[in-house]
Structure formats: structure tokens, C-alpha cells
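Accompanying notes for the structure given below.
Where a number appears in this text, it was derived from the coordinates with a stated rule and is not lab data. Predicted model, so just to flag it, every value in this text is computed and none were measured. Cβ coordinates were reconstructed from backbone atoms using ideal geometry, including for glycine residues, and neighbour counts include every protein chain displayed.
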Amino acid sequence: MSKEKKINYELEKNLEVISQIEDTVADAVDNILVDPDDCWQPSDFLPDFESPGVYDEIKELQRRAEGIPDTVLSSLVGNMITEEALPSYQTYFNLLEGINEERNLFNPSGWVRWSKAWTAEENRHGDLLNKYLYMTGRVDMRAVEQTIHRLLHNGFDPNTDGDPYQAMIYTSFQERATKISHVNTGKLADKAGDTVLSRICKTIAGDEARHEKAYKSFMTKIFEIDPNGAIQAFEQMMRKQIVMPAIMMGEGGKNPSLFADFSAITQKIGIYTGWDYARIIDHLVKIWKVESLTGLNDMAAKAQDYLSNLADRYARLADRMKAPDEIKLAWMK
């Protein structure tokens, strides 16, 4: 079989599997995601402008925020910018092979319903963090807005080659990474005395945990139906490495190293580190029972061997990683 025919065969097989798990996806929309009428909203955490004491509430927010280190606030800005690029994420999801072949957002399929409901929940995260940061008075919001604009302008490519299997692996990994980042930011906010920001971060992390659960369940089904294809897609995704959604935030601008600087800060203060990357790999290998899969073909068996040792390899790299120098980002006043 020629390489081109093999690729077409693999894609057709993957699309068939994706269609088979649509009921699982529809169930996740109804039981893991939350109806908009019942969801928390950004205004639940922010000063109430209908209250006669709203200006006192804003002053109290600013008082609490005074104690937050610049590094933590910079990381929060980076997290917020990542969340604000939701239009790119929904577009990407609906362009995946087998997800929305009609290119119709009114399609009642489970996959299309998921793409809309998932990104709708995620949209609140950027809204809340954006408004909070604006009210602190400590952030150069025009610089932040320029970064959001540039990230959306540049677009988003998780390097999954349009493969729905790789996309489910990417989102399983990314939702867990985002959850970890928000949890750790919340811990540092709590330590700095801003209990409201801590609650905001932990609430957002709770959403990410639900989304992570859903994506991992989608991939679990794929592993059950097509273990050879699933484990090879997992290997392919990890060999390319997981790129963060905001990686293009500085490309083409005055500060092309902006994302690298942001990543250095999250590494330095423990919000998201090389050890976290290694632990996520280990978690996914275990949750999908990669090491215990049997009856694999030769290529899948090689992928199994690679993945079984990968977390330890990244943990060793993290142990040798030098702590980054202190960096002040363009977003801070």
C-alpha cells in the first residue's frame, strides 16, 4: 500500500470511529457541561455596579490586589490572554475532519453541540479575568488588549494535522495543563491575601477539570475501539510536543519573545513547570492504560514502548532545567 493510500485509509478509519462515539459526546454536553441559566457568571465575583457601595467594593478589590507580586499578576494576564482566544479554538474544532462536515453551526450532532457549549463555558473565563485585571489598576490594559488582538490575528495551530484523534489528545492534555495553571495561580493569590482572586482561579480550574474529564472520556472510547490508531496518534502528538494555545501571542509584534517570557515566569514561580508537563504525560498514560494494552501491531507496540518511558524522560529534563531569570513583561505598569 502506498503512503498516500495508507494515510487515506487511516483517516477514513479515524472518521468512522469519531462517528461511533458521537453519543458519548452528546451525553457529555448534557451531563458534564452546565446549562447557561445555571452556570456561574463573571459578575458573580466582581463589584456590583447596581450597589450604592460599588466604589467601596472596587477600592477593596484594589486593596487586595496590591499584595499580589508582579510575577503572579503577569502569569494571570498570560492565562487570561490564552482564554480570550476562544474564537480561534471554536473555529479550529469545527474544521477537524469528521467533526462538522457540513460546516454548519446549527448542525444538531453531538460534536457540533459540544464545540459550541464547551467554548461558551470557556468564554466566561477570559471575561472574568479581563474585568478583574482592569479593576486592579495595576496592568497596562492597552498592552494586554494589543496582545489579545495579535493572538487572534495570528491564529491557532496545535499541530494536530487535522486528525481528530490527535485533537482529543491535545485537548485532554491542554485542559489538564490549564487546570493546573489556574489552581497554582489561585494558591499564590491566596498566599498574597487576595481570597477573592483565589476563589476566581479555583472556580475556573473547576470548569477546566470538567472539560478535561470529557476529553479524556472521548479518548478512552477511541482507545477501546481502535487501540492501534489511538496509541499511534498519542505517540505522534507527544513527539511533536504539546504547544500552548497562546504560543503565537508575540509573533509579528514588537516583542516576538513575549510567550517565551511568559512561560519563563510561570516556570520560575511554579504556576506551570516542566515537572507538570511530565506529570500530565504520566497521568494520561495511566488513565488510558497505555502500558497494559495487548494485541497491538508492530508500530503501535513501538509507540507503547516510547510512551511508557516518556514521563520519566521529561521529569529528568525538568530536574536539569535552570531557573529562569526575573522577567518584567510589557503588560505590567
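Go through Lys13/Lys179; Lys187/Lys328; Lys116/Lys213 and tell me which ones have a Cα-Cα distance over 25 Å in this structure.
Working: Lys13/Lys179 32 Å; Lys187/Lys328 21 Å; Lys116/Lys213 17 Å.
Pairs exceeding the cut-off: Lys13/Lys179.
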> If you take the charge dipole of the chain about its Cα centre, with +1 on Lys and Arg Cβ and -1 on Asp and Glu Cβ, which of Ala260, Phe218, Ile18 is farthest toward its positive end?
Replying inline: Ala260
> Want the number for Lys328 to Thr91: 0.36 nm per residue separation, take away the alpha-carbon distance, what's left?
Replying inline: 82.1 nm
> So what is Rg over Rh here for the chain, counting just Cα atoms and using Kirkwood for Rh?
Replying inline: 0.98
>> If you fit an axis through the alpha-carbon atoms of helix 141-154 and take the longest principal axis of the Cα set of the chain, what angle between them do you get, 0 to 90°, nearest 10?
In response: 20
> Along the Cα-to-C-beta direction of Ser19, a point sits 7 Å from the Cα; which residues of segment 82-113 have their amide N less than 11 Å from that point?
Replying inline: 98
>> Based only on other Cβ atoms within 10 Å, what is the fewest-to-most ordering of Asp140, Asp56, Asp37, Asp298?
In response: Asp37, Asp298, Asp56, Asp140
> Just how far, in whole angstrom, is segment 162-182 from segment 136-159 if you go by their alpha carbon centroids?
Replying inline: 21
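Using the Cα centre of the chain as the reference point, and only Cβ charges (+1 on K/R, -1 on D/E), how large is the resulting charge dipole? Debye, rounded to the nearest 20.
Dipole of the chain, to the nearest 20 debye: 1220 debye.
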> Out of Asn154, Ile242, Thr119, whose Cα points farthest toward the positive end of the dipole of segment 3-320 (charges: +1 Lys, Arg; -1 Asp, Glu; placed on Cβ)?
Replying inline: Ile242
>> Viscosity 1.567 mPa s, temperature 4 °C: what is the translational diffusion coefficient of segment 137-265 from Stokes-Einstein with a Kirkwood Rh over Cα pairs, rounded to a whole number of µm²/s?
In response: 78
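With n ≥ 4 as the cut-off for DSSP H runs, can you work out [θ] at 222 nm for the chain, using -39500 (n - 2.57) per run divided by the number of residues, rounded to the nearest 500? Before the final figure, lay out each step's value.
Details: 13 runs with 227 residues, N = 333.
The helix-only estimate for the chain comes to -23000 deg cm²/dmol at 222 nm.
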> When a footprinting reagent is the concern and you count Cβ atoms within 10 Å, what order do Glu22, Glu291 take, fewest first?
Replying inline: Glu291, Glu22
>> Between segment 101-133 and segment 203-251, what is the separation of their alpha carbon centroids in Å?
In response: 17
> Which angle from 0 to 90°, rounded to the nearest 10, does the C-alpha axis of helix 70-84 make with the longest principal axis of the chain?
Replying inline: 50
> When the dipole is taken about the Cα centre of segment 216-286, and only Lys, Arg (+1) and Asp, Glu (-1) are charged at their Cβ, what size is it in debye, to the nearest 20?
Replying inline: 100
> Once the Cβ-Cβ distance between Glu66 and Ile287 is put in as r, and R0 is 45 Å, what FRET efficiency do you end up with, to the nearest 0.05?
Replying inline: 0.65
>> Could you compute the net charge surrounding Trp40? Neighbours are other residues with a C-beta less than 11 Å from the C-beta of Trp40; K and R count +1, D and E count -1.
In response: -2
> Once the other residues with Cβ under 10 Å from the Cβ of Asn123 are scored (Lys, Arg +1; Asp, Glu -1), what is the net sum?
Replying inline: -4
